[in-house]
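Every number in this text was worked out from the coordinates using simple rules, so none of it is lab data. From a predicted model like this one, the values you see are computed outputs, not experimental measurements. Note that we place each Cβ from the backbone using ideal geometry, even for glycine, and neighbour counts take in every protein chain shown.
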């Protein structure tokens, strides 16, 4: 039986959740679109460990789908290990596992539009200093509540919005450049100008759906599929100096890597070949 506090959490949830919408004419099944939206809320911190996930009835109301579709979405969340479903008690978020990571060198998979031979520009939508949430603090190896710089930008490719970027930088580093600098310089260049010796990065690559804010910024429909990259950049002392979440339009950006077949004692496997060193645009 749900407690009064539990019910208050559910009642207040629509006020804090992103207003994502489904794309009924797309190729992605509706239940999987709902799964991606809920997964994004969990990984984005809107739903924390122990929180009640919207019920089947809540999802039918929010997205205008059948009860069966809502149930399939929640079952997919459970199959992914993100929630536990208990009869009579609802569906709760379990301890969030790390997303499957794709590790890359700083010169390999980082956004490098200079190789495309086309002009790009950035537009700063928001710039502020705020206390780090638990997720952001964990990514940057900081105490929760530590001040960080948050910037929201859109990068344009040939006059089309290509990517939506949200970056977090420790405040002591962020205060060495201004909002206007982000309009004209990639963040990695600003970090290096501030004396940061950028050395490595680790990132995860997945898929997500555009909420209304991102859809407006990227000139796409809410619910459209996007490539999602989350990356932590470190200096040579292994201190995290940047956490970035980038959402790419798949019609304007793709990842490519060369691989070769190698034979080892455990058997043959594919391995990525080294990428040439190039100036990388890290956001």
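Please state the shape class of segment 101-272: rounded when a/c is under 1.5, otherwise prolate if a/b exceeds b/c and oblate if not, all from the C-alpha gyration tensor. In terms of gyration-tensor shape, oblate.
Counting other Cβ atoms within 10 Å as a rough exposure proxy, the listed residues 31, 129 run 129, 31 from fewest neighbours to most.
If R0 is taken as 30 Å, the Cβ-Cβ distance between residue 79 and residue 134 corresponds to a FRET efficiency of 0.70.
What FRET efficiency would be calculated for the residue pair residue 87, residue 49, taking the C-beta separation as r and a Förster radius of 22 Å, to the nearest 0.05? Efficiency computed from Cβ-Cβ geometry: 0.60. Counting beta carbons within 10 Å around each of 32, 254 and listing the fewest first gives the order 254, 32. Per-residue Cβ neighbour counts within 10 Å put 28, 246 in the sequence 28, 246, beginning with the fewest.
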